[in-house]
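Below is one structure, written out as structure tokens; the observations come after it.
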Amino acid sequence: MHRNHMKEGVTVCSVLAALWIKWCVGLGSYSGAGIPPMYGDYEAQRHWMEITQHLPTSKWYTYKLQYWGLDYPPLTAYHSYLCGLIGSSINPTWFTLDTSRGIETEDSKVFMRYTVLITDMVIYIPALIYFVRSWHGNRSKRTQSLALLCLLLQPSLILIDNGHFQFNSAMLGFTILALNCFSRGYESLGAVFFAASLGFKQMSLYYAPAIGSYLLGRCISLGRRAGTATFIRLGVTTLLSFYVIFCPFLPPFAPLESILDPLIRIFPFSRGIFEDKVANMWCASNVVLKWRAYFTQASLVRLSAAFTALGFAPAVLNLMVGSWKASIIVDSTKYSTPPTLPILPWALLTSSMSFFLFSFQVHEKTILLPLLPLNLLMSGSSPGSFTFEWSALVNNVAVFSMWPLLRRDGAAIPYVALTFLWNRVIGYNPFRKPARRSFVRYIALFVYVEITLLHALELLITPPSRYPDLFPVLNVLVCAPIFGVTWLWSIKRSTEVTWAISGIGLRRSRGQPQDVKDLK
Amino acid sequence: MTNNSNPRVAFPSSPAQSTVPRTSSKSQLRPTGAADVKKIATEEAGNRRGLLSTLFSGVTPSEWALLGVSTSIKVLLFPAYRSTDFEVHRNWLAITHSLPISRWYYDTTSEWTLDYPPFFAYFEWLLSIPASIVDKRIVDLQNLNYDAWSVVVFQRTTVIVTELVLATALFRFVRGSVDQPMQRIISASLFLHPGFLIVDHIHFQYNGFLFGILLWSLLMARNGNLLGCGFFFAVLLNFKHIYMYQAPAYFVYLLRAFCMSPQGGLNVSNLLSLANIVIAVFVVSFGPFILMGQIPQIITRLFPFKRGLNHAYWAPNGWALVTAADRVILQVIKRTGADFALNAEGIASTSRGLVGDTVFAVLPNVKPIHTFAITIALQSIFMIKLWRNPTYKSFLCALTLCGYVSYMFGWHVHEKAVLLVLVPLSLLAAENHALFRTFVIASVAGIYSLFPLLFTPAETPVKVVYSILWMYLTFQPLVRRLYEFPRSLPMVVVDYLEKLYLAGFCALHLFVTVFPLIAAVPSAQQDTSSASNATIACTPREGFICPETEPLLSSTSSSGRALEFLPLMVTSVYCAIGLTWAFLRLSFIYLKSSSKS
């Protein structure tokens, strides 16, 4: 009893420490602080809290779109509505329609920071705790605590959510909750959570191919009768969830055309293939190949869609093949955990990374989506293993890839401090001398030296006027290859995990399935 | 945070360390003989060869981890609220950099004149050299209230860097400690003390650095090098004169344990060497000013006796309880209409929310001489005990009590002075359960009493969450080692009441948080017309008067001010109860302790 009490204490302390650090990051600057007339993402979120509480739902997606029109799905809007209502009950001047634009009083800033922190506490942190308990349930308590700390203190998410100001943790939290449900075999509930994730930010579409094929595969592996029933149940719950999320824009509450307002706002294909410098395939290769000169906008859209589909196809294929073979060799009813579950994080990584690398209109912040499955995988790996080393490298590179953005926000100090802190907590020293034959270590060391050099150069030299974007472009050139290799690596690993579950050939395998919880 | 460092890492004995006598832990328990001192002194001289390498050699991986983690969290606090002390120190940088030394203690360009002893002025002068390289505007004397990012980063960085003095002292405390695991917890908890976080890294001061010097002095005392102990304390006194609170304990201890033999004979050579060292330190510090004949001017700067009994926010000491009692009795008299001689000035003082001088309405007024008499009388009791039992542990206890008495009954005590109690008391926490419980009560009450220093809503989660974490991570491992069941019925009752008192802080915090919201509801309707009110950095709505800028606040209606002051008063009184109880506990433990140990 006493020991248990201590372990609970460790979890509580980790969470408190993480919340404290998040709050301290929030003491600093945010996106667009003090830059009229448009400000930045902070003002966008505040503006949505303002318009949702003063306007009927029909106007949410149409009101004065030039000034931060709402461009996330309705769940974000409902969340803003709730936050706005609470805020207005404390001080109505924070959210008066139109006149409160660009308000930056001390107390309103504190309130806004609280909204992020409390959303975190309600969705993301419980999801992480539950994830560690359910996915690493058979590991030692020490490993679980470290895994939790590693996930809680992940620098990229804290810098974007609590520094830059966004609510990505809500979307990611819903996805983790979905994964937790899948691990317990509650597919329908998981589907509801994933619909919520999609309903919060459309970016979680990056996960949709993996999750969709996992659920489809689950139906296949259950056999014809049970599988069909599951399929129908999943279909109905998913559709129902989306209906509930979008119901103010659908009959009988509104005419059918009104659904177009949010949809047009959510999927902006009219914008360019990339806006800022993003470490994806298009932007990196743009140094040599001027894509926008060769192709029209419409063909670029199609091209990127094709590339993306090709990019996540291996993940879908692995999940399908894995579940099909599992249906032959494993009696699914005997196992509480679904046999294809270990493939899922890898498939999520493949799918989200392929979207990041190849899809249309990617922001540098979107790297948070591939980072989530990567960190979930990392949290279960042992220090020194390839997964651990590579994930640590990708995390550090990901933070670096957001450096131009963070620099604009004036978040240089939290950027350094949090990256250092996270590496310290997980016991990873980027500049440690590599052991013999540790190929990944040599690559990592090379990348870290590059990053250090770039930072030093940026401090010392102002870029020539011919190339004002010199440093962001160099940044992209450092980061994009790492992300590309991560994508390839995830394909390799998901294929291996599939083989481990069901054997290589098509013939019936005699061996028992490997430990299905082994995620390494 | 303290537990994150790998507990399995053993402390390797480094070459530098091996020169420190291993027997020191034993010799600390008895007055050190002259032969010991000479031996240690020569060894220390050997130690001094490479000061830097000595300081940082053998810093274990877990200590590097502690330094790394703590630095990264302190760096995150750069943009946090800073009090006027920040501008005070910036102004001192400017004074020492742009004026000749003869003008330092005369300059009145800013209202924040130099009022620390000369070593601190030299320290500021040293800091002003890099400051002028970082940004010329920092050291511009006319550039008042300069708060560009460059000066914030520079000054905050100097706090973190100079705090390494504290870190090195604490790390050395672990080496050669009798109980290394416990000392490691104590050292880590002191380095990460919420008091330092609140007062230094947010509010802005250099206490970590100054207490680092104090701990170096105590370290010397523990290792039996009493000459070094006296030297460091003399240096400390010349940095900040508030440490005079502790001077009696030092005086008695050094005189008895160093300048006299255990039998009572005077050891003239020791006395002379100590006197020489102390005088040399003071000459280095005050020498230039003695030559320029500025001593009277410095004295008036260092000891401004025009202040009141209590600080703006009552420091939770004995006088806070007396003042509160006065207010309560006044209300009782007013309600019942009892015939009693009231002091008209005192009645006015109650409605002024305690700005400036405190005048009692019912109780007899307190003059500075009274506070001195009480302080010295109480201190002398402990000094007699120390004289009879001049060991290191006894000295530590007497030192704590000496600071404690000054804090409890001093004139115009500032709430930050509670660190003078908490820091030496921490070193005693691992002794036994009675001292540990005293430490817990004093720490909780003392740390909570620092909360009103940070009255801005953004810093509230910072101080509260950090303090909770610190308390859990410090108390939990200690209580597992030290816990004892209360053995008699009165002890059971006391134990229960103490736990109840500690639990009461949750209720207190709830009250302090909720009360201004309730009190603000009626006044908010009046406030909506004057919207400018809401944008002042120190919002009256928060219910906390600003401790530093208070005289600038316009006086609003007396009832409104009383409502604003109530949470502060309740905080002060509640903390004062705990601190007084901890004081009584500690006095009792010390006076009852047998003379041998």
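The values are calculated or read from the model by the stated rules, or taken from the named source; none is laboratory data. Given the structure is predicted, the values throughout are model-derived calculations rather than measurements. Cβ placement follows ideal geometry from the backbone for every residue including glycine, while neighbour counts extend to all protein chains displayed.
Per-structure values
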| item | result |
| --- | --- |
| Matching residues, segment A:421-455, being more than 14 Å from chain B (Cβ to nearest Cβ), under 30 Å from residue B:150 (Cα atoms) and not acidic (Asp, Glu) | A:448, A:449, A:451, A:452, A:453, A:454, A:455 |
| So residue A:227, is it surrounded by 20 or more Cβ atoms within 10 Å (Cβ to Cβ), more than 15 Å from the chain's Cα centre (by Cα), small (Gly, Ala, Ser) and farther than 30 Å from residue A:401 by Cα | no |
| Boolean, residue A:304 is part of a helix (DSSP H, G or I), of a type in the set (Ser, Thr, Tyr) and touching a helix residue (DSSP H, G or I) at 6+ places or on another chain (Cβ under 8 Å) | yes |
| Search result, residues across segment A:373-420 that are away from every other protein chain (no Cβ under 14 Å) and not in a helix (DSSP H, G or I) | A:381, A:382, A:384, A:385, A:402 |
| Positions within segment B:60-116 being polar (S, T, N, Q) and within 14 Å of chain A (Cβ to nearest Cβ), in sequence order | B:62, B:70, B:71, B:72 |
| The one condition in (1) farther than 29 Å from residue A:282 by Cβ; (2) surrounded by fewer than 24 Cβ atoms within 10 Å (Cβ to Cβ); (3) of a type in the set (A, V, I, L, M, F, W, C) that residue A:390 fails to fulfil | (1) |
| Among residues of segment A:282-301, those that are among the aliphatic types (A, V, I, L, M), buried (at least 16 other Cβ atoms within 10 Å of the Cβ) and either touching a residue at least 60 places away in the same chain (Cβ under 8 Å) or in contact with a helix residue (DSSP H, G or I) (Cβ under 7 Å, 6 or more places away or on another chain) (or both), counted | 2 |
| Any hit, segment B:185-205, residues being buried (at least 22 other Cβ atoms within 10 Å of the Cβ), in contact with a Pro (Cβ under 8 Å, 6 or more places away or on another chain) and under 29 Å from residue B:77 (Cβ atoms) | yes |
| Residue within segment A:14-31 that is at positive phi, part of a loop (DSSP other than H, G, I, E, B) and within 14 Å of chain B (Cβ to nearest Cβ) present | no |
| Helices (runs of 4 or more DSSP H) wholly inside segment B:179-291 that include at least 3 residues being within 30 Å of residue B:466 (Cα to Cα) | B:180-191, B:207-222 |
| Wholly within segment B:64-173, helices (runs of 4 or more DSSP H) carrying at least 3 residues that are surrounded by fewer than 16 Cβ atoms within 10 Å (Cβ to Cβ) | B:118-134, B:149-162 |
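Residues checked against (1) crowded, with 21+ Cβ neighbours inside 10 Å; (2) within 24 Å of residue B:450 (Cβ to Cβ); (3) at pLDDT 90 or above:
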residue	(1), (2), (3)
B:252	yes, no, yes
B:274	yes, no, yes
B:279	no, no, yes
B:283	no, no, yes
B:310	yes, yes, no
